[in-house]
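Rule-based calculations on the coordinates, nothing more; no lab input. Owing to the predicted nature of the structure, the values given are computational and were not obtained by experimental measurement. All Cβ positions, even for glycine, are placed from backbone atoms using ideal geometry, and neighbour counts span all protein chains on display.
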Amino acid sequence: MKTKPYQAVSEVINLSPADRLANRLAVIATIVYSLFFSYMSYFMYENMIYKDFDLAVHAQTLWNLAHGSGFSSILGVHFLANHVIPIFYPLNFVYRLFPSALTLLVLQSLALALGGLFAYRLATRTLSRPWSFCIAMIYFLYPPLGYANLFEFHPTTLAVPFIFLMITAYVDKSVYLFFLWAVLAMGCQENISLAVFMFGPIALIGKRKWQWIVVPVVVAATWFYISVGWIQPMFNKGTIDFMSIYSHVGRSWPEIIISLLTKPTLVLGSLFSVETFLYLIQIFGPLLLMPFVGWTYCLPLIPFFLQHILSERSAERTIYYHYVVEMIPFLMAGSIAGIKWFLEKYQEKFHSYILLLAFIASFLCSAILISPYSKSLDDLEKFSDKKSLELRRELLLKIPNKSAVVSTFQFLPILANRRELYSFHHVAMGTYTLSSKKYLLPESTEYALLDMNDSFTFSFEQPNSQTNLKNFFMNNPWEVEAFGEDVILLKKAKIRNLDALYRVNPTNVAPPDLKFDAIINDEIQLNGITMQMGSGIHESHVQFTFYWKCLKKTAKNYGMALTLVDSKGQTFYQYGRNICYRIHPTSEWNAGELVTENYWFIMPGKVPQGAIEVRMGGYDVDKIERQDFVSKIKGKVDDNGRVKLETFEPY
């Protein structure tokens, strides 16, 4: 039955003190959630903790839309080829006023916060206001929500409040509002239409009028077909191949549908896997399986579950990314229906308290095992005083605002407000994302800001990645502008000059100040080092020049593990890296080759007082196996196979 405006006003006026308190607490919880995650997002942005490229892709898209173009240079396609997100067109006017990736992060936190308020509003339709407030808190503390909020930015998060309003309109039998919110939700990403489609079966089960049954199916199916059958192919032009992650099922939508109908074992095999079982526990466990009781509102979850369990991307079957976020409103609606059933079946207050205590216990367990809040605190502790951030910010300031740049993941969001921005993982892969199309970095690229120790960027490496990296560095006239740790700023020049990083068989080079003759596996030798303290942008940094020699050809890529040992002999810091910045790996060294490598070591923020000793161990980069140094010079190598480089007092 529809709720008329005057009835709603009358209900608010006649609220009991407990109900008014529940209203106020729901609003306060919404504000607290929004402020907390907005701050966490700001902190992660300022400290360059975002380690993927999704945030940068969407920020650059909106910046380009604000400047008359929908092209995403990072993806190499128009943004509608990636996902059909028409809501970006009005959203770009907001981005014009606040042109920063932070704008998207704050909007994301605000949208998800409003989801809690609208979950409360939905719950008041069938539950008491105190229990409705409990629903809001269940929503805010639900682990997948926090992870979605912390993982980059995704437009599906903006759909969450619209989906809640759509469900509320369905409960209120307000057909016009239902379709208004449905259209806005579908405008946030094309796959939301699959959930809208499922309201046809829900209405059929609920014995609604024909328009509730037919119109959602027709509207959603039409929009989905237009999106994936017309808009995406028109803008994609063979660059992104989404079907590749479902290649074991089919290479096209008709093939996938036929496979699902004729080969049910494909679905059953994925559904009854251990991975899927753990995934379902993480989703339904904190909710005490209540969505299964209110099962009709779980019908829209079916297409999302099929999308995720059939995907070859294992990340889609975890709660630690954003893939669950569009399902959360339906999970909450199912939980509301489940709680309503329980409270009607067991009407004694004792049972109500038992259910409440069960939810509290469930979320306490979740907080210990899978909570995103503990991760947030870990991030605060880990990055609050990291000195290398100062260097990274200095290097970012050296890049002109309009210059074309290629960078590793952590710098992309800060560099997003420019027409030409490229992700270095495509260079390493040699192809575009989800594509077999060869990737060619445009010659217009003027700068490269690269963290050569960014593990996530280089996690996309392919068998030919080392060749791709070599071509990038050797076939372009790069000159070193500045560097520190493994972060390098390169600028296009007339001729290539990487001598600031390393030199092969150098002439007229000064001998090392300290000699070690430390050898790994009779293959490479550390002849010695020269060490000096830095100044300027390298204030409090330590420069090492390593003098290497290749004793015989090796297939191994060796890395070094620099460790700091305090005056008591305790290791308090360790940093692993590739020798010669991945540019000239040891597997490419020739017998007899001499290599000098310059490296700026940045001291950690928390250093104990007194003398500090720097030691260096070796390891096989590909196998992550320790490789011990040995030396004929007594006392140069410790019992753990580490070279004792130098002892000094940093303060």
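With a cut-off of 13 Å between beta carbons, the residues surrounding PRO512 carry a summed charge of -1, where Lys and Arg count +1 and Asp and Glu -1. Of THR596, THR507, the sequence from fewest to most neighbouring Cβ atoms within 10 angstrom is THR507, THR596. Beta bridges from DSSP with both residues in region 388-492: antiparallel share about 65 percent, rounded to the nearest 5. Taking a sphere under 13 Å around the Cβ of ASN468 and counting the other residues whose Cβ falls inside, with K and R at +1 and D and E at -1, yields a net charge of +2.
Among the listed pairs LYS387/LYS644; LYS556/LYS636; LYS515/LYS552; LYS402/LYS491; LYS606/LYS636, a Cα-Cα separation exceeding 22 Å is found for LYS387/LYS644; LYS556/LYS636; LYS606/LYS636.
Each peptide in 610-619, 409-418, 358-367 receives the mean, over its residues, of other Cβ atoms within 10 Å, and ordering these scores from highest gives 409-418, 610-619, 358-367.
Packing here is the average count of other Cβ atoms within 10 Å per residue, and on that basis the peptides 122-128, 508-514, highest first, run 122-128, 508-514. Legend: Rg and Dmax of region 502-648, from Cα coordinates, 14.8, 43 Å. For region 18-68, chymotrypsin sites (Phe, Trp or Tyr not before Pro) meeting the loop criterion (DSSP other than H, G, I, E, B) and having at most 16 other Cβ atoms within 10 Å: none.
Sorting the segments 22-28, 56-62 by their residues' average number of neighbouring beta-carbon atoms within 10 angstrom, most packed first, yields 56-62, 22-28. Each other residue within a Cβ distance under 15 Å of ALA448 adds +1 if Lys or Arg and -1 if Asp or Glu, for a net charge of 0. The lysines within cross-link reach of LYS173, meaning a Cα-to-Cα straight distance under 17 Å and a gap of 8 or more places when in the same chain, are LYS2, LYS4, LYS207, LYS209. Pairs of Cα atoms nearer than 8 Å and 6+ residues apart set the relative contact order; for region 502-648 it is 27 percent.
The mean sequence separation of alpha-carbon pairs under 8 Å and at least six residues apart, normalised by the residue count of region 413-526, gives a relative contact order of 21 percent.
Counting every other Cβ atom within 10 Å of each residue's Cβ, MET166, MET40, MET243 order from fewest to most as MET243, MET40, MET166. Compactness ratio for region 388-492: Cα radius of gyration over 2.2 N^0.38 Å (N = residue count) comes to 1.01. Set the Cα radius of gyration of the chain against 2.2 N^0.38 Å, with N its number of residues, and you get 1.11. What number, in percent, do you get for the relative contact order of the chain if the mean sequence gap of Cα pairs under 8 Å and at least 6 apart is divided by its residue count? Reported as a whole number, the value is 11 percent. On full extension, the segment bounded by GLU348 and GLN574 gains 75.5 nm, given 0.36 nm per residue less the C-alpha separation.
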